Amino acid sequence: MSETKAVADLGEDEARAELARLAKAISAADKAYHRADAPEISDAEYDALKVRNAAIEARFPHLKRPDSPSERVGAAPVEGFGKVRHEMPMLSLSNAFDAADVEDFVAGIRRYLNLGPEAPLAFTAEPKIDGLSLSLRYEKGRLVRAATRGDGEVGEDVTANARTIGDIPAKLSGAPDLLEVRGEVYMSHADFAALNERQERAGGKTFANPRNAAAGSLRQLDPEITRARPLRFFAYGWGALSEPLADTQSGAIERLSALGFPANPLTRRCDRLDEMLALYREVEQRRATLGYDIDGVVYKIDDLALQARLGFRSTTPRWALAHKFPAELAWTRLEGIDIQVGRTGALSPVARLTPVTVGGVVVSNATLHNEDYIAGRDARGNPIREGKDIRVGDWVQVYRAGDVIPKVADVDLSKRPADAQPYQFPEKCPECGSDAVREPGDAVRRCSGGLICPAQAVERLKHFVSRAAFDIEGLGAKQVESFWRDGWIREPADIFTLEERYGPGQPRQLRNREGWGEKSAANLFAAIRECRRIPLRRLIFALGIRHVGEAAAGLLARHYGTWGAFEAAMTHARIDEGPEWDDLLSIDGVGAVMATSLITAFHQEAERASIDRLVALLEVEEAETRAPATSPVAGKTVVFTGTLEKMTRAEAKARAEALGAKVSGSVSAKTDLLVAGPGAGSKAKKAAELGIETIDEDAWLRLIEGA
Ligand code: I6G
């Protein structure tokens, strides 16, 4: 039978026939599993079919079928995981580092909701597990998909692996038809120590901490390896639902517990700020004896109706906060200071340290921020560390908080070597020799070499292929550096002409390059081809424009919708003037600094030409708007004026934007709707003159009700 024949021995006709058979078998298994609720084959058999299908496709790429099972969500490609778009984004949490931040959070919520200081406002508080977030999708009570957070919008399909975790039920009874449970996968201290011991005995990889061990164990291509790793799960929330779980956060978590999901036993409901802070202190004290890593306490508004009113900022909910534990500290010797040149030309000093363990992780590099920081002053010239500077040879304190890059926090002058010299920050770029200049008001010194600076060019390319940008399988930082060194890739557009220049039939071919072979070269070309089609937000982020991070790229994409509209706006915009500038600044989350940076990038000749060469080779997808298609205000420009009585101005604006409306501060011919409360003055008059529809707050609430 053909399926027992090794893939390497298959002839072309046999391969074609087998791909057809596999497509049919996998599709039938999918249908039986997802629709008929009755799997006909085991998970292991199912995975084996997919692996074989992918192996044949890798050997005969030209035989890949249009209905290939490896193209479907959930298919596990041989060299990685399938991608899953989260029906509701998996957000992150805003952080607080002290009680004052928590107080501000509570006060901000009260302001947003227009609640007085004495009005009741309950929160839940629970330990923040230091693991990795997972989303579990149940349809009609069956686990159909498990996905990691990924970039929050698209995660990795780890369904087969999640099924091996004992804390995760495969079936639920009495659950909503659609239920996405979100929580944290983690490893206990005892299991982590035992795993590392086993790994060491077997000569395998050991892990730096339980979180890395949990992530490494969940992201195994072979689910049997995951099964052998002792992973656990705590549920903390939910995503898409066909019906509400409860009216409150605490009620919803109780319901999830009743359905069989472990919830953290230290979770409490708190009616006041001092109760929240008391729970934080209690959890902090018990931290060492919990048996698993936590890195803080999470507070959430308990009333789900209030959570809905508070809504979301671009990447974080307004109704939740992570109150982090203080960082961990250690002392060590500063052996040297390296200067790294980043993609925007910033010269970043990095401390080279005698290796030291900080909170269980060996640290040998730490950030020194910038030249002022080394000199012992802040950006305004005020002393920091009582003005103590940092010198090579010094005994320094290293500080590490969760995932954040460790930093040098303090220096012990009593241990300073007699010959230690003040550090001279370079005024030339160490990579290209161009002047390194510091603009007034900028804490950072930057290389002025632009794209002629090899460090900037390479860093930009690395950023371009990074996970949240083009994420090209097989083309990581190492490969980019090597291609750049040999002149194969000098700018992003070169990636998309690589196959033309070094593919089959060319005098020099990738497959003959050291470290590459026929299969890996073909895979890379295929991965690059696949990435030609790219969502707008990823493209904007990939351009690596200063101040434009992932969240901002998402906001810009949603605002402009298409590459054409974005590019035209950036081309026509002028700094500090004109309608394009105003429009750019009307985006909640875009300020003058970011806007200036965007416009500058699009007006620099070399930069612009490089963007144009790139985009000519791509197919840019239109941005999805988060607004429901049914929203009656999607695409409309709305102005609020006068006093709003049922919500604050901030809430009204956020809600309108979440529904796809554009909120403007002034009435013009572009305004579609004016919402006028008592005391509305000149704006209402102008709207009347222009014939713009004007409604009151109640009519507005009726209009958006249920949207
Ligand atoms: O990353 C997270 C950890 C813990 C969370 C979270 C959480 O609750 C205890 N809750 C939410 C809502 C989110 N992330 C987005």
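Values as computed for the structure displayed
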read-out	value
Cleavage-rule hits, trypsin sites (Lys or Arg not before Pro), the range 302-374, DSSP coil, Cβ neighbours within 10 Å at most 15	ARG313
Selected from ALA208, GLY449, VAL106, residue furthest toward positive end of dipole (the chain; charges at beta carbon)	ALA208
Positive-end residue, the range 601-707 charge dipole about Cα centroid, Cβ charges, pick of GLN604, ALA652, ALA623	ALA652
Partnerless cysteines, meaning none of the other Cys C-beta atoms lie under 4.7 Å away, in the chain	CYS270, CYS531
By average C-beta atoms within 10 angstrom, highest first, the peptides 643-650, 466-473, 228-235, 105-112	228-235, 466-473, 105-112, 643-650
Additional length obtainable on full extension of the chain from SER364 to ARG377, 0.36 nm per residue less Cα span	2.3 nm
Nearest-20 debye value, the range 234-389 charge dipole, Cβ charges on Lys, Arg, Asp, Glu	160 debye
Protection proxy ranking, peptides 7-13, 221-227, average beta carbon neighbours within 10 Å, highest first	221-227, 7-13
FRET efficiency, TRP331 to ARG272 (Cβ-Cβ, R0 41 Å, nearest 0.05)	0.55
Gained length - ALA228 relative to ALA99, 0.36 nm times residue gap less alpha-carbon distance	42.3 nm
Förster radius 30 Å - calculated FRET efficiency between ALA28 and GLU243, Cβ distance, rounded to 0.05	0.45
Rounded to the nearest 20 debye, dipole of the chain from Cβ charges on Lys, Arg, Asp, Glu	520 debye
Radius 10 Å from Cβ of LEU132, net charge of other residues (Lys, Arg +1; Asp, Glu -1)	+1
The range 574-707 - charge dipole about Cα centre, Lys and Arg +1 at Cβ, Asp and Glu -1, debye rounded to 20	400 debye
Hits among lysines - C-alpha to C-alpha of LYS24 under 24 Å, sequence gap 8 or more where chains match	LYS5, LYS50, LYS64, LYS83
Partner aspartates and glutamates for LYS428 [C-alpha distance under 15 Å; skip if fewer than 8 residues away on the same chain]	ASP338, GLU371, GLU439
Positive dipole terminus of the chain, leading residue within PRO422, PRO504, VAL297 (C-beta point charges)	PRO504
Sequence-separation-based contact order of the range 325-446, relative, with Cα cut under 8 Å and 6+ spacing, percent	26 percent
Under the span-like rule (Cα at least 30 Å along the axis, Kyte-Doolittle mean at least -1.0), DSSP H helices of the chain	12-34
Under 13 Å from LYS324, Cα to Cα: aspartates and glutamates that are on another chain or at least 8 residues apart	ASP98, ASP101, GLU126, ASP130, GLU284, ASP293, ASP295, ASP403
Local electrostatic count, ARG532, Cβ distance below 15 Å [Lys/Arg +1, Asp/Glu -1]	-4
Potential lengthening between ALA616 and SER482 on full extension [0.36 nm per residue; Cα-Cα distance subtracted]	45.7 nm
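Readers should treat all values here as calculations from the given coordinates under stated rules, not as data from a laboratory. Source: prediction; values computed, not measured. Every residue, glycine as well, gets a Cβ built from its backbone with ideal geometry; the counts of neighbours run over all protein chains shown.
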